[in-house]
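A quick write-up on the structure given underneath.
The values are calculated or read from the model by the stated rules, or taken from the named source; none is laboratory data. Owing to the predicted nature of the structure, the values given are computational and were not obtained by experimental measurement. Cβ coordinates were reconstructed from backbone atoms using ideal geometry, including for glycine residues, and neighbour counts include every protein chain displayed. These accessible areas exclude ligands, DNA and RNA; they are computed on the full protein's heavy atoms, side chains included. Shrake-Rupley method; radii C 1.70, N 1.55, O 1.52, S 1.80 Å.
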Amino acid sequence: MTPALGGFAVAGDAAPAWDRAMTDVMSALRSAFTTVPERTASRAQRRTWLDTFDWRLYRAGLRLEYVAGELRLAGAASASAASAASATGATTADGAALTRQHVTGWRPARPRLAESLPPGPVRDRIIRLASPRALLPVATVSSTVTVTRLLNDDGKTVARLLTTRASVAGADLPPRLSVAEVRGYPGQARKAARIVALATGVSPAVGDGFAEILGALGRHPGDYSNKVDAEITAHMPAGRAAAVVLLRLLDTLEANVDGVLADIDTEFLHDLRVSVRRTRSALKLLGDVLGDSVPGEPGRRYHDEFKWLGDLTTPTRDLDVHLLGFGAMAAGLAAARPADLEPFRAFLARRRARERRALARGLRSARFRVLTEDWRKTLLEARDAGVRRRAERRTAAGLAADRTGRAFRRVVRQGAAITGSSPDESLHDLRKRCKELRYVLEFFAPLHQPAAYGKVVGDLKRLQDCLGEFQDTHVQIEEIRALAGAMLAEGAVPAATLLAMGETMAGLASRQRAARAEFEQRFAAFAGPGGRRRMSVLLAPAAGDPE
Amino acid sequence: MRVYATYNIKGGVGKTTAAVNLAHLAAQDGLRTLLWDLDPQGAASFMFRVKPRVKGGGRALIRGSRTLDDAIKGTDFDGLDLIPADFTYRNMDLLLGGARKPTHRLARLLAPLAASCDAVFLDCPPSISLVSENVMHAADVLIVPLIPTTLSVRTLDQLTGFVARFDGHRPRILAFLSMADRRKKLHREMTQELSTERAVVSPTTIPALSVIERMSVERAPVTVFAPRSQAARAYRSLWSDLRALEPVAPPAGGPGGKRGGQSTLVQ
């Protein structure tokens, strides 16, 4: 039996409305088919929707479910996957391609890294999208499906009417009707669906109930994103806008703490660190407009505390980066064998376990709790003070133009001073300035014209990629050197492993040189006349803008 | 995907009833199962209440202008689909004779189904023909119902000898005694002798029972309308014997091996 052809709901929540509609539906169906209950009793089913914490599947138009030993992936697929799925008649109610994969021993309530999925068609379709994240249970729905067979004159089942009664977290959802197609009889299913649609009180259901289910849990699809996406407007007082941005960053930071503590996947820590860096940049670039509570001594305290928090997360993240890139690193060896690096991987894993314990202690500490509580209180005061002082002249749009312009000029000035003989540190400093510019652009993204914003960020991103490659390879070389020393100090490190690590360092050094060679061209594209013009267009006040 | 074929040169020996019940049991076990009713009489299609008609007829399927996938109909049972019979299958020998590599055409047509099917049952018409030879090359297991008589044994020996001469892929043979009547002394003796002395004969016997004959009245597998009957138990036992068979060992020359050899059944 293929999945449902269409979903129908009944207007009105009350049971009598449902009973009246069902009487009408069954009477209409009996005029075209013989109706008999399915041989088997009503089927109880538990479906668990799975996605990454940041909704990567949902955002890509995919929906992954675990049902009774099977993963089912539905949604906008690549053309080849859609064609393969349709060849097997596997489609969902809305016609989207359905890919299925049997899995054994899957416990849907437990997060599981996408990479750890056994080979199969579902893994093939999601691995690039979801990795390195874990698949988490978004919602588990218990439902009972009652099936009525619709028979033709030969007594053959040509379609089925499904009545689904579902509940989530103990709350009942409105029942739904749907018609399931029997393979080879599509016309009969369409006919049945037309009949159901015409019955009194029945209307097509919107979507597949996913939003309703999340609503019952007090959530909505896509309710986490690591993007800033603060709710600010051009006319908002500057102080209030800055507080709203920082509150949003604090929300994101806090949203990731549990995932870091449970060590679900590496991206919780990554997102937490990004929130901390953005917060530190915002404090530096926008702190002065936050009213009386941040500038001065309180501001210095937060600056120090967020630096402490950033530093706390660094060792674990650095080791995560090594481990995440390990496969590529091993595959890139020319002289050494990938197996030679295995002792290094084991050493990194042990180190990471130790550093993660230290990180967890920090995140569970009173210092962290006091920091986040005080910071929220401070920001809420700043936000509300902004409302009280409506007369304040500076607006969010003015603040955005001022601080973005300043950050841009700083990048241009520092970058222009870099020559072929400049020390590596000058590129490292420029990378920090570029990050500040990127963050300030992101803080005020809702105020910018999207096309102009996209062009400027695209230029900047290409420059950042080059500087990032230069800096990251440098850091990795230094770390491998330090880790090799630590491994030797622990004793019993095979010579082949050290040789392989040496080869890895040589590869990184080669990449670093290539990035340095590329810098001039990338910087010219960003800070040259074209880049400056694009930035001017972005920062030019639109008609009607304040200031 | 494992391909099972119910085959016997004789008609009325229980090929279709075996194919219908075994396919239903396979689907009940969670295997994605397809039954292809190759017999133009369409008895298996009738039992599943599917009209014995394929768009474009056997010609379209054999020539490949219509894929097997297009011809599939869902039965009333989860996980069990059917490719119906068509009266034009009576000319299937001629159609196959016109194809390239005529003895392997069915195997080639079935190959694309491997992604969507775990078990395929071929219900063959009673004959020695190009169709039968195709079926032998396509099948992993030949399921051979035997009426407990001396002549049946002779037929089984001929079939075993013929398959043994295949150079490449050789299907396993699992014969079983069918329509056995315990009131007949000859049936009792043959049943005893064959199931103990012949390795290819299953220890399971399908007795002659009226409930099996009722399948054409109920138009459903006996495992559906009389699941606790002696017949249903016997078919379940036969299905267990089939599942216990090891996969066919790939012939020398690589995994999968080349399907087919030089022997010909039809001169």
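Numbers at a glance
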item: Label-point separation, residue A:172 to residue A:331 (7 Å along Cα→Cβ), nm; result: 5.3
item: Computed label-point distance, nm, for sites residue A:233 and residue A:428 using a 7 Å Cα→Cβ extension; result: 4.5
item: Coarse-grained scattering of the protein assembly as shown at q = 0.05, 0.06, 0.07, 0.11 Å⁻¹, given as base-10 log I(q)/I(0) from a Debye sum over alpha-carbon atoms; result: -0.43, -0.60, -0.76, -1.21
item: Two-site label geometry, residue A:489 and residue A:339: point separation in nm, points 7 Å out along Cα→Cβ; result: 3.1
item: Expected 222 nm ellipticity per residue - DSSP helices of 4 or more, -39500 (n - 2.57), all of the protein assembly as shown, to 500; result: -16500 deg cm²/dmol
item: Solvent-accessible area per residue for the protein assembly as shown (1.4 angstrom probe, square angstrom); result: 46
item: Difference of contour (0.36 nm per residue) and Cα-Cα distance, residue A:475 to residue A:381; result: 29.9 nm
item: Segment A:4-216: equivalent-ellipsoid semi-axes (sqrt of 5 x gyration tensor eigenvalues, Cα, Å); result: 32, 20, 15
item: Separation of alpha-carbon centers, segment A:300-328 and segment A:333-357, rounded to whole Å; result: 19
item: Stokes-Einstein D (µm²/s) once Rh is taken as the Kirkwood radius of chain B over alpha-carbon pairs, at 37 °C in 0.692 mPa s; result: 177
item: Reachable lysines, given that their alpha-carbon falls under 29 Å from the alpha-carbon of residue A:307 and they are not under 8 places away in the same chain; result: A:227, A:284, A:377, A:432, A:435, A:461
item: Value of Rg/Rh across segment A:238-539 [Cα atoms, Kirkwood radius]; result: 1.01
item: FRET efficiency for residue A:496 and residue A:540, using Cβ-Cβ distance with R0 set to 41 Å, rounded to 0.05; result: 0.10
item: Förster-model FRET efficiency, 41 Å R0, residue A:353 and residue A:406, C-beta, rounded to 0.05; result: 0.40
item: For segment B:106-160, alpha-carbon Rg over 2.2 N^0.38 Å; result: 1.32
item: FRET E, pair residue B:66, residue A:194, Förster distance 22 Å, beta-carbon r, rounded to 0.05; result: 0.20
item: Separation of alpha-carbon centers, segment A:436-495 and segment A:201-234, rounded to whole Å; result: 33
item: Longest exposed-site-free window of chain A, the sites being trypsin sites (Lys or Arg not before Pro) in a DSSP loop that have at most 14 other C-beta atoms within 10 Å; result: A:40-218
item: For the pair A and B, total buried accessible area rounded to nearest 100 Å², probe 1.4 Å; result: 1300
item: Percentage relative contact order, chain B, counting C-alpha pairs under 8 Å, at least six apart; result: 24
item: Equivalent ellipsoid dimensions for segment A:208-306 as semi-axes, Å, which come from the Cα gyration tensor, largest first; result: 29, 19, 10
item: Rounded Å value of the spacing that divides the Cα centres of segment B:1-52 and segment A:21-64; result: 30
item: Lysine pairs meeting the criterion (Cα under 26 Å, 8 or more apart or interchain), as found in segment B:2-244; result: 11
item: Potential lengthening between residue A:370 and residue A:41 on full extension [0.36 nm per residue; Cα-Cα distance subtracted]; result: 112.8 nm
item: Gain in span if fully extended, residue A:128 to residue A:140, counting 0.36 nm per residue against the direct Cα distance; result: 1.8 nm
item: Within 10 Å of each Cβ in B:67-80, the average number of Cβ atoms from other chains; result: 4
item: Fraction of accessible area attributable to carbon and sulfur, the protein assembly as shown (%, probe 1.4 Å); result: 53
